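Some notes on the structure that comes next.
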Amino acid sequence: MDALTLRDCMIREGLSVKEGSDADRIRSLERALHIAIPTKGHSDRICYRNICNWLREKINDGLFNADEVLPRVIDYALEASGPWSKNPPAVFISILKKELGYPK
């Protein structure tokens, strides 16, 4: 998926990681992750929920700025879902670990 397609899907569904309360933005992020990297089962859905809960914690603790980190996570998901990726969820987690220290 490319950035424009994801942006259009997010607009259609009323999702934004840039506006609203942190809780609303994180819910939008979780839905956007499902769009960018479709889940194949229950474990993928739980994984996205765990990522969003971890981000919420880090934002609440002041370790991440929501304005900066949430759009970056969208970019990581788009990078992971590229045509070269054989396993986008695994690539996405790998990027999160490298760039953000997930799940520390």
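The values are calculated or read from the model by the stated rules, or taken from the named source; none is laboratory data. Fair warning: this is a prediction, and the values are worked out from it, not measured in the lab. Note that we place each Cβ from the backbone using ideal geometry, even for glycine, and neighbour counts take in every protein chain shown.
May I ask you to say which residue of LEU63, LEU55, LEU29 is of a type outside the set (Phe, Trp, Tyr) and under 17 Å from SER94 (Cβ atoms)? Break it down stepwise before answering.
Values: LEU63 fails: under 17 Å from SER94 (Cβ atoms); LEU29 fails: under 17 Å from SER94 (Cβ atoms).
Just one listed residue meets the conditions, LEU55.
How many residues does the stretch 30-50 contain that are in a helix (DSSP H, G or I), under 21 Å from ALA3 (Cβ atoms) and in contact with a helix residue (DSSP H, G or I) (Cβ under 7 Å, 6 or more places away or on another chain)?
At the first step, the residues of the stretch 30-50 found to be in a helix (DSSP H, G or I) are 30-36, 42-50.
With under 21 Å from ALA3 (Cβ atoms) added as a condition, the list becomes 30-36, 48.
With in contact with a helix residue (DSSP H, G or I) (Cβ under 7 Å, 6 or more places away or on another chain) added as a condition, the list becomes 30, 32-36, 48.
So the answer is 7.
Can you find a residue that is modelled with pLDDT of 95 or more, aromatic (Phe, Trp, Tyr) and out of contact with any Lys or Arg (no Cβ under 6 Å at 6 or more places or on another chain) anywhere in the stretch 54-67?
yes
Suppose we filter LEU96, LEU4 for residues that are in contact with a Phe, Trp or Tyr (Cβ under 9 Å, 6 or more places away or on another chain), free of Cβ contacts under 8 Å to residues at least 60 places away in the same chain and assigned to a helix (DSSP H, G or I); which single one remains? Reasoning before the result, please.
Details: LEU4 fails: in contact with a Phe, Trp or Tyr (Cβ under 9 Å, 6 or more places away or on another chain).
Just a single option satisfies the conditions, and that option is LEU96.
What tally of residues in the stretch 41-68 results from selecting those that are without any contact (Cβ under 8 Å) to a residue 40 or more places away in the chain, surrounded by 18 or more Cβ atoms within 10 Å (Cβ to Cβ) and aliphatic (A, V, I, L, M)?
2
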